[in-house]
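Worksheet for the structure shown next.
The values are calculated or read from the model by the stated rules, or taken from the named source; none is laboratory data. From a predicted model like this one, the values you see are computed outputs, not experimental measurements. Don't worry about glycine lacking a Cβ; one is built from the backbone with ideal geometry, like all the others, and counts go over all protein chains shown.
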Amino acid sequence: MFKEFNIYNDKLSNLNIVDKKKYIINTINPHSYITSKSDDDFYSALSNSNYLLPDGIGIVYAFKILFNKTIKKIAGADIHEYLLNYANSNKLSIFYLGASEQTLEKIRQKIEIEYPNITFGCYSPPFKPDFNFEDNRVMCNKINDFMPDILFIGMTAPKQEKWLNKNKNNINFNIATCIGAVFDFYAGTVERPSKFWINMGLEWFPRFLKEPKRLWRRNIISTPLFIIDIFKKKLTLK
């Protein structure tokens, strides 16, 4: 199953995102890997990605253990920054789907200063576990009326990936990527862990300390299950 995901293991600068009509970039970490094993729609969304980036030190270690390959972690914040620079250099349009109107306004203000060549659009969908037909119709129309070159979706995993996979044929975009908490990181409404923790491969730790109720499952349950699964696969490779 791990190989089926075709996880990207190269530099961001080598992404081939120029000629494709529609390109989907998602990220995977140990929690999303474990979740996808019992969620067929999520598994389909991840496996259908054109690029699946290793956003988790556990994925990096798994590549080393299983395939003896050294890869670099690429977080959602990394692809976000890369695509913003790409859009600014090529005078492209970007659309943010997700988060609150206040967060989106902070993002808009920051984009105008840091990336003046970008055309900006956004929509804050209803905050609910599941979207109904009318919710989806409005969301798709908002995107299609704007016709973005790059679509950023931030509605937490696995909701965001499943939504994009389900609606990708009904919306207009060149590149779409699900980046979750990056909306809040970039807006400054939530502080991303410092470079110290990121470079140590422990970005998850201060986030867990700040939001234990929300993140306990991925760290207390998914991480041990992921480790067990990887070592089981290692035994089958021998």
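Brief remarks follow.
- Pairs linking a residue in region 91-103 that is closer than 8 Å to residue 124 by Cα to a residue that is among the polar types (S, T, N, Q) and not in a strand (DSSP E or B), with Cβ atoms under 6 Å and 6 or more positions apart or on different chains, are 100/124; 101/124.
- Single unsatisfied condition, residue 122 versus (1) buried (at least 21 other Cβ atoms within 10 Å of the Cβ); (2) in contact with a Leu (Cβ under 8 Å, 6 or more places away or on another chain); (3) touching a residue at least 40 places away in the same chain (Cβ under 8 Å): (3)
- Residue count for region 62-79 under the criterion of being over 22 Å from residue 233 (Cβ atoms) and either free of Cβ contacts under 8 Å to residues at least 12 places away in the same chain or of a type in the set (D, E, K, R) (or both): the result is 1.
- Among residues of region 156-199 being of a type in the set (Val, Ile, Thr) and in a helix (DSSP H, G or I), the one that is modelled with the highest pLDDT is 182.
- Region 62-80, subset closer than 24 Å to residue 125 by Cβ and out of contact with any Gly (no Cβ under 8 Å at 6 or more places or on another chain), residue surrounded by the most Cβ atoms within 10 Å (Cβ to Cβ): 79
- Qualifying residue in region 129-149 (condition: over 17 Å from residue 22 (Cβ atoms), crowded, with 18+ Cβ neighbours inside 10 Å, out of contact with any Lys or Arg (no Cβ under 8 Å at 6 or more places or on another chain) and polar (S, T, N, Q)): no
- Single unsatisfied condition, residue 217 versus (1) modelled with pLDDT under 95; (2) outside any helix (DSSP H, G or I); (3) under 29 Å from residue 48 (Cβ atoms): (2)
- For region 1-22, the set of residues classified as in a helix (DSSP H, G or I) and either over 20 Å from residue 37 (Cβ atoms) or at pLDDT below 80 (or both) consists of 3, 4, 12, 13, 14, listed by residue number.
- Against the numbered list (1) more than 20 Å from residue 26 (Cα to Cα); (2) touching a Lys or Arg at 6+ places or on another chain (Cβ under 6 Å), residue 41 comes up short only at (1).
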